[in-house]
Amino acid sequence: REERSAPVLVAVSIEADGQSSTPRNLMCFQLTDESDPFFLYTLRISEEEFQAVKIDQSILVDFAEFPPRFLELLRSCLPNDDAETPSFAVSLVAGAISTSLQIVETNQFKNLTHLRLDMRAGNDAAVKRYLAGELAKTKFERDGLKNTLDQHTTESRTAHDTAEGTVAAARRHEA
């Protein structure tokens, strides 16, 4: 078993299921690693599937309330300003059949799993969609930065031209 520690970006959203004939919401989880563009794990849970997870794991919150509570639980895994080690830990556990995201509380008696979500490794199509989305975001940011740079360049040229005009007028006035 290989253990590795790396910062992972976690995105959680509730989206409309565009592939279903009946309107329904999906809770979408995405795990990515900025240093590894091919690291992608996802999970999409419908409200009905969430009810099964809720019963199986004794979750006390409903579908709509789950994402903020999930993020709150993740934050409890982060080290705080005190030197104390957090009692919660999050890990991505790869098994022979599946990979699960687990949030575990460690106390003096045992490790207690608070949440386990079975994630799916991104296949080629999912990784391509993810990378295409990241590329589109990067291009959008680049275009915004280019527009800002162009605006500052124009303002600088205008200020420079105005300053040169003022200096030239002052020289003419002195002569």
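Every number in this text was worked out from the coordinates using simple rules, so none of it is lab data. None of these values were measured; they are calculated from a predicted model. A quick note on method: Cβ atoms are made from the backbone with ideal geometry, for glycine too, and the neighbour counts reach across all protein chains shown.
Observations
- Longest exposed-site-free window of the chain, the sites being GluC sites (Glu not before Pro) in a DSSP loop that have at most 16 other C-beta atoms within 10 Å: 85-175
- Each part gets one Cα centre, and for segment 91-123 versus segment 156-174 those centres are 68 Å apart.
- Inter-site label distance for R116 and L74 at 7 Å from Cα along Cβ, in nm: 2.1
- Computed over Cα pairs, the Kirkwood radius of segment 58-117 leads via Stokes-Einstein (1.002 mPa s, 20 °C) to a diffusion coefficient of 168 µm² per second.
- Using C-alpha pairs below 8 Å separated by at least 6 residues, the relative contact order for the chain is 13 percent.
- Each principal axis of the Cα atoms in segment 1-97 has its own extent, and those three values, largest first, are 49, 32, 26 angstrom.
- Summing Lys and Arg as +1 and Asp and Glu as -1 over all other residues whose Cβ lies under 10 Å from the Cβ of L26 gives a net charge of -2.
- Projecting the Cα atoms of I97, L115, L74 onto the charge dipole of the chain, computed from C-beta unit charges around the Cα centre, puts I97 farthest toward the positive end.
- Tensor-based shape of segment 104-175 (alpha-carbon gyration tensor, a/c under 1.5 rounded, otherwise prolate or oblate): oblate
- Segment 2-48 pair-distance distribution - Cα-Cα, 10 Å bins, rounded %: 24, 40, 24, 11, 1
- Within segment 78-161, the trypsin sites (Lys or Arg not before Pro) that combine a DSSP coil assignment with at most 12 other C-beta atoms in a 10 angstrom radius are K110.
- Sorted largest first, the principal axis extents computed over the alpha-carbon atoms of the chain equal 91, 51, 33 Å.
- Magnitude of the charge dipole for the chain, about its Cα centre and with charges confined to Cβ atoms of Lys, Arg (+1) and Asp, Glu (-1), is about 360 debye.
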